[in-house]
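A.B. asks: Once you've had a glance at the structure underneath, I'll fire off some questions.
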Amino acid sequence: MVLKRKDLLGLKDLSKEELELILDTADSLKEFATRKYKKLPTLKGVSMINMFYEPSTRTRASFELAGKYLGADTVNINSSASSVVKGESLVDTGKTLEALGVNIVVMRHPMAGSCKLLADNVTSSIINAGDGTHEHPTQALLDMMTIREQLTSLKGKKVAIVGDIAHSRVAKSNIWGLTKLGAEVALSGPPTLLDHNKFTKLNVTCHHKVEDALKDVDVVMALRIQKERQGTTLIPSLREYARLYGITKERLSLAKKDALLLHPGPINRGIELTGEVADSLKSRINEQVTNGLAIRMALLYLLSGGEQNGNIA
Ligand code: CP
């Protein structure tokens, strides 16, 4: 099967079948992501650029490795070292890359909707690596892959997402993806960071008391407080947040006995979760990172024509 779209901008637009295709393809590529087998030449002749206007460790490194493991030519552009600092617009930068024959642009940008703007103006495929508070589709896909791998299916599984929901693009993409594949999503966060009226429309439940969201869930996903998007006044303070919402051993014990703990990273130990739970047997944080590589390999493969480039199974 082929992913019949030029870009990956968000999970809101994807069908259940498309989500399953990406997850199944990533499952087949996991052995290459974990280096059990060496490179696949599938994307030989494909060129991709990582264009990151915000900091990143996991997403940027895994996209670059994903491209290299599939034989693509990969280049990284750091926004501070690009012509953006000389006043070039995003669309002009995109058209420049297009003129260089770049097939795939992976972009992270602080402005919600920036990836769509670029996608609408260039023929290259655009992959959203996080646009403002809008979506971070590859993060949600790797979260879904991790849950599916550990719990066999997403259907009927209860997932609690705790933290700065208002500013989290990870939460938004997970809400779209998880609910499409049949999971039940419960959100929890301080009133200033979780608008019940807005989110209950998305077929999820909202809880200001974190204990209510965690009860009997299969998965607990803790989120980072997005200080960079809250301006100078942090509401609530980090200390208050940790006291009322931080995932501790005691709070985690409210979830099912074999519940999984996820976090997209980077982790702030002692704030959204304790070091003890981050390093516990319930934690799947390192598996998430490994699966991120497989998901990004799958997307590069599928957006470049899938089976037309050779069978990976
Ligand atoms: N989860 C995530 O997007 O991490 P990075 O910011 O390190 O890419």
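A.B. asks: Which of the numbered conditions does A72 fail, given that it passes all the others? Conditions: (1) buried (at least 18 other Cβ atoms within 10 Å of the Cβ); (2) within 16 Å of the ligand (Cβ to nearest atom); (3) of a type in the set (G, A, S).
C.D. replies: (2)
A.B. asks: Among the residues of region 129-179, count how many are within 15 Å of the chain's Cα centre (by Cα), aliphatic (A, V, I, L, M) and within 18 Å of H196 (Cα to Cα).
C.D. replies: Within region 129-179, residues that are within 15 Å of the chain's Cα centre (by Cα), aliphatic (A, V, I, L, M) and within 18 Å of H196 (Cα to Cα) number 5.
A.B. asks: So, in region 6-63, of the ones that are closer than 21 Å to V84 by Cβ and acidic (D, E), which residue ends up nearest to the ligand (Cβ to nearest atom)?
C.D. replies: Only one residue fits best here, namely E54.
A.B. asks: Out of everything in region 123-152 that is β-branched (V, I, T), more than 14 Å from the ligand (Cβ to nearest atom) and buried (at least 21 other Cβ atoms within 10 Å of the Cβ), what residue ends up being farthest from R296 (Cα to Cα)?
C.D. replies: I147
A.B. asks: So for region 221-240 (the condition being free of Cβ contacts under 8 Å to residues at least 60 places away in the same chain and surrounded by 20 or more Cβ atoms within 10 Å (Cβ to Cβ)), does at least one residue qualify?
C.D. replies: Taking every residue of region 221-240 in turn, none turns out to be free of Cβ contacts under 8 Å to residues at least 60 places away in the same chain and surrounded by 20 or more Cβ atoms within 10 Å (Cβ to Cβ).
Conditions tested, residue by residue: (1) in a loop (DSSP other than H, G, I, E, B); (2) closer than 23 Å to Q139 by Cα.
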position: N174; (1), (2): no, yes
position: G182; (1), (2): yes, yes
position: L187; (1), (2): no, yes
position: T200; (1), (2): no, yes
position: D212; (1), (2): no, no
position: D216; (1), (2): yes, no
position: V220; (1), (2): no, yes
position: G231; (1), (2): yes, no
position: Y241; (1), (2): no, no
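A.B. asks: When the residues of region 145-158 are filtered to those that are among the hydroxyl-bearing types (S, T, Y) and assigned to a loop (DSSP other than H, G, I, E, B), which remaining residue is farthest from S114 (Cα to Cα)?
C.D. replies: T152
A.B. asks: Sticking with this structure for a sec: So K36 clears everything in (1) modelled with pLDDT under 95; (2) surrounded by 18 or more Cβ atoms within 10 Å (Cβ to Cβ) except one condition, right? Which one?
C.D. replies: That leaves (2) as the condition not met.
A.B. asks: Of everything in region 104-113 that's surrounded by fewer than 21 Cβ atoms within 10 Å (Cβ to Cβ) and more than 13 Å from the ligand (Cβ to nearest atom), which residue is farthest from G10 (Cα to Cα)?
C.D. replies: Checked region 104-113; the qualifying residue farthest from G10 (Cα to Cα) is M111.
A.B. asks: If I go through region 258-279 residue by residue, how many of them are more than 18 Å from T146 (Cα to Cα) and either out of contact with any Ser or Thr (no Cβ under 9 Å at 6 or more places or on another chain) or more than 16 Å from the ligand (Cβ to nearest atom) (or both)?
C.D. replies: 8
A.B. asks: Now a separate question. Give all pairs with beta carbons closer than 6 Å in which a residue from region 168-191 that is over 16 Å from K157 (Cα atoms) meets a residue that is of a type in the set (V, I, T) and modelled with pLDDT of 95 or more; count only pairs at least 6 apart in sequence or on separate chains.
C.D. replies: R169/T133; A171/I161; A171/I165; S188/V162; S188/V210; G189/I165
The values are calculated or read from the model by the stated rules, or taken from the named source; none is laboratory data. As the structure is a prediction and not an experimental result, all values here were calculated from the model. No Cβ is skipped: glycine too gets one built from the backbone with ideal geometry, and neighbour counts run over all protein chains shown.
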